[in-house]
Every structure is written in structure tokens, then in C-alpha cells.
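> I have a structure here, written as C-alpha cells, and I will follow up with some questions on it.
The values are calculated or read from the model by the stated rules, or taken from the named source; none is laboratory data. As the structure is a computational prediction, the values presented were derived from the model and not from experiment. Note that we place each Cβ from the backbone using ideal geometry, even for glycine, and neighbour counts take in every protein chain shown.
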């Protein structure tokens, strides 16, 4: 198929800020993009011109996104080379378009990006959001599922959430519980040693009383220990606690 | 099953801002929470006192979260009634705890919330993040998978992402409820009582030696206890073990 003949290209989507107003928000958007490894910013007709000092100041470590941003006069030019365009909007529009969750949209963006396509995500100006003419250029709408009674997100927040979803899906972190790094869990022999240590000492200390209940008390204790997610270090601490209590007793 | 006999309670987690500095960020955090339908804010020792005018100004429509926020002097008090505590942190710590993605953490929070448990998520101060002593109180860590070369998120961004994940799962993940039928987990106050009981007795027994290492030994111990999935019955067993060892000693 033709697509395999294409050179490998960067699968990351371009984030397009359409007529952004405050330089602060442009800078914050750049930071939010870079937080999630996205670097292709495009800026359409920024209200206060370009470059924008406030944007540069607020971008701090993400300034190179502004340096390399594509600047255009119109949304049309900004997405001219893109094969798929999402428009972010909180509101229901009367335009008939597929509406994606951020997760579904970024999954689509990722799949298309990996297929060599260029994908753009449009973000509207702070107050008004995207105009219907911008939305009409998009293939689909992305809408963040916010609280309907308190729905408004600002520009940088919207960029942050889309970036988060992109990276979550791109790195395969979706759904995964990370492991405790380098954790050294006890094996069954070590667990047995701990159970026995406690059983023996508690026996001496008269813990299993009355005798008729001793067996079931021991079973609960073993059950509890084996249910604990114990590391080797934890087991050493529990051994140490008990040894110290015995030493204390023996000192009298 | 026992849990169906309990009154329906609010399954939403509490977001705990620990020693927040700028009022602006507290206000922005309130907005971010309400964007995703979360309303239980707790504030630990805010730098500039409480109420905070800048926070109120920035919260705009989300001011009632500040009005109803629980204010405490310490993290310990803030989570006393919670059965499960997450600590958000970007950095690798040397404390052994499970590390969750935001998605996995909010899935866990949702399941526990629906089970009638109270869950808290700790957010650290803007610059420094949570201290190890706060993290040691948590059952698990949540870490946002950011670009390692540009990892830092601010307080309100971190709140926004956790809120987003919570709502995404709460509104969409029907049927993913985890079963933890009838299990009666310790709350933080009960955990604290256990930690203190062991700390006090082990102190008497000379466990924390040499003195220069006592603080870090206590922290590891607290960290271990808070990582254990302890039921109330487990806690009673551990109290009982220690009481018995002391009785044994006292019998001489």
C-alpha cells in the first residue's frame, strides 16, 4: 500500500491556537503542550501580534515552541496541509459533525499520525471560542465532558487536557497501574518465617488464649500476613519489632 | 451484603491542598474541581491565612468550594476520616508505595467511593511539592505521565487532570465497579492510633536506635503501615499483638 512508501514522519498533531488574545495564555499553552511532548504549535492571527513578549515570558522552558510556531492569517492556511482537523468546543453547535471525547479524538489523531497523516486540533480564542466558520473546516468536534453547570475551560486548560490524552494513549500508559519500582516482594519461605516467628513468640507471651481458640487465632493471623503486600524490607521491620520487644522483656 | 445497609454517601473524593501558597492557585484549583463536578476541598495550613481574598476572586463561580472547604492545621487532621489517601507527586521518591497513573488512581477512588469509603487526594505546595512526611501518610502515589524533559505541572493543572480523570471514569465507566463487599477498612484516625501505639512502645523498648536515625526509622514505619490494606480487624490484631508483648514483659 502507498502509505508504506512514505518516509516515516512525526506522528504528533499540530495544535492550532485560533485568534488567541492574551500572550499569557499562549505561553501557558506552549508549556502545556511540551508537558506532554507536543511541539507543533500553529497560531492564527494573534490579537496582539507576533512575536508576543508576554507569551515568551510565560512559556519559560517551552519558548522554542513559540520560536518554531507557524504563524498564519487564517485558519484555512493553518490547516492547509492537514488531512484531519478537530475543533475543540464546549458548546453544542448546530453543525452536524461527529463529536469525540478527548480520548477518542486523540486515539484517532494517534492512529492517523502513525499512518503518516497530519492532524490538527483547533483551539478557539479565550472568550468566544471557535467561530462556526472555523468549526465548519473541521472534520470532527472534540468536547471535554465537563460539569454542565460549570463547563468553561480556558485555552491552556483545554490544551493541557488534549495533550494529556495524546500522551496517555501514545505512551500506552492508558489503564496501567505502574509497578512499585524495583520492589522486592517476600517469597513464600520468607513469609512462612515471619508467620512462624510471630506465632512462636506470641505463644510464649500467652497471646493464644483461651486454648480452644488458639488454632483459629493462628489461622486469622496467617491469613492477615499473607494478605499483606509485604516487601522484604517490611518483613525485616516486622521481625525487628518483635525481636526488640523480646529483648526489652529480657532486660526485665 | 453489609454495604447495602449503609446509607448512600457521596462517592466523590476530597482534594486536599497541602500548604498552598498563592491565593490565585487555590481559586484556580476550585474552578478546576468544579469543572469536573468535584466539590470537597480541604486546605491544610495555607500560607496566607484563610479566607483568602485572591482565592475568592479567582474562584469566580466556584466560590462555594472555598466557603465549604475544610481548613486544618495539619495533613494528618485533613485525612483523619479517610480510608484511602493518594499523594500526587511528579518525582521519584525513595518511599516504597504503589505508583498509580491518574486513570488507575481515579478508578480506585471511584470504586472505593461507591463502596462508601472516603478517599483523599493530596496536592503539594506550588514550588516544593509534597514533603516526604505527607507522602508517608498516603496509601499510594499518583504520578502524571509527563514529558520527562519538561515535567512540571502547577497545582491547578494537576487538580484539573485528576478531576478530568475522575469525571471521565465516573460518567463513562458503568460496570467497572470493583467488589470489596463488606470490608471495613481502617480510616486515617485509626491508622494513626496504630502508628502511634507502635511508635510509643517501640520507643520505650529502645527500637529507634541510634537516635540520629530515629526520625527516618519512624517515617519508614509509618510508610509501611499506611501502605498496608488494613481492615479494622487487622488493626485490632496488631494492637493486640503489641499489648500482649507488653503484658508479657510486665509479668517479668
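> Sort through A:136, A:55 and tell me the only one that's without any contact (Cβ under 8 Å) to a residue 60 or more places away in the chain and buried (at least 22 other Cβ atoms within 10 Å of the Cβ).
Selected residue: A:55, the only one of A:136, A:55 that is without any contact (Cβ under 8 Å) to a residue 60 or more places away in the chain and buried (at least 22 other Cβ atoms within 10 Å of the Cβ).
> Among the residues in region B:193-203, are any modelled with pLDDT of 90 or more, more than 25 Å from residue A:204 (Cα to Cα) and under 17 Å from the mean Cα position of the chain (by Cα)?
yes
> Every residue in region B:113-132 that is in a helix (DSSP H, G or I), at pLDDT below 90 and either closer than 19 Å to residue B:192 by Cα or in contact with a strand residue (DSSP E or B) (Cβ under 9 Å, 6 or more places away or on another chain) (or both), please.
Listed by number, the list holds a single entry, B:132.
> For a quick check of your reading: which helices (runs of 4 or more DSSP H) sit entirely within region B:1-66 and have at least 1 residues that are out of contact with any helix residue (DSSP H, G or I) (no Cβ under 9 Å at 6 or more places or on another chain), modelled with pLDDT of 95 or more and away from chain A (no Cβ under 14 Å)?
No helices (runs of 4 or more DSSP H) qualify here.
> What do you reckon, is residue B:104 in the same structural domain as residue B:24 (by TED's automatic domain parsing) and touching a residue at least 60 places away in the same chain (Cβ under 8 Å)?
When the stated conditions are applied, residue B:104 does not pass them.
> In the set A:61, A:49, which member is on the phi > 0 side of the Ramachandran plot and in the same structural domain as residue A:163 (by TED's automatic domain parsing)?
The match here is A:49.
> Inspect all residues belonging to region A:45-60 and state whether any of them is under 25 Å from residue B:164 (Cβ atoms) and touching a strand residue (DSSP E or B) at 6+ places or on another chain (Cβ under 6 Å).
No - not one qualifying residue is present in region A:45-60.
> I need a count of the residues in region A:119-133 that are surrounded by fewer than 21 Cβ atoms within 10 Å (Cβ to Cβ) and more than 19 Å from residue A:151 (Cβ to Cβ).
Qualifying residue count, region A:119-133: 1.
> Also, quick follow-up: Please state which of the following conditions residue B:128 fails to meet, knowing it meets all the rest: (1) closer than 24 Å to residue B:47 by Cβ; (2) touching a residue at least 24 places away in the same chain (Cβ under 8 Å).
With respect to (1) closer than 24 Å to residue B:47 by Cβ; (2) touching a residue at least 24 places away in the same chain (Cβ under 8 Å), residue B:128 is out only on (2).
> Does region B:221-235 contain any residue that is under 22 Å from the mean Cα position of the chain (by Cα), part of a loop (DSSP other than H, G, I, E, B), touching a residue at least 40 places away in the same chain (Cβ under 8 Å) and crowded, with 21+ Cβ neighbours inside 10 Å?
For region B:221-235, residues under 22 Å from the mean Cα position of the chain (by Cα), part of a loop (DSSP other than H, G, I, E, B), touching a residue at least 40 places away in the same chain (Cβ under 8 Å) and crowded, with 21+ Cβ neighbours inside 10 Å: present.
> Now for a different question. Mind listing just one residue for me: the one in region B:212-239 that is over 17 Å from residue A:240 (Cα atoms) and within 7 Å of chain A (Cβ to nearest Cβ) and, of those, modelled with the highest pLDDT?
B:237
> Take region A:84-98 and flag every residue that is at pLDDT below 85 and either within 14 Å of another protein chain (Cβ to nearest Cβ) or more than 12 Å from residue A:135 (Cα to Cα) (or both).
Scanning region A:84-98 gives a single hit, A:90.
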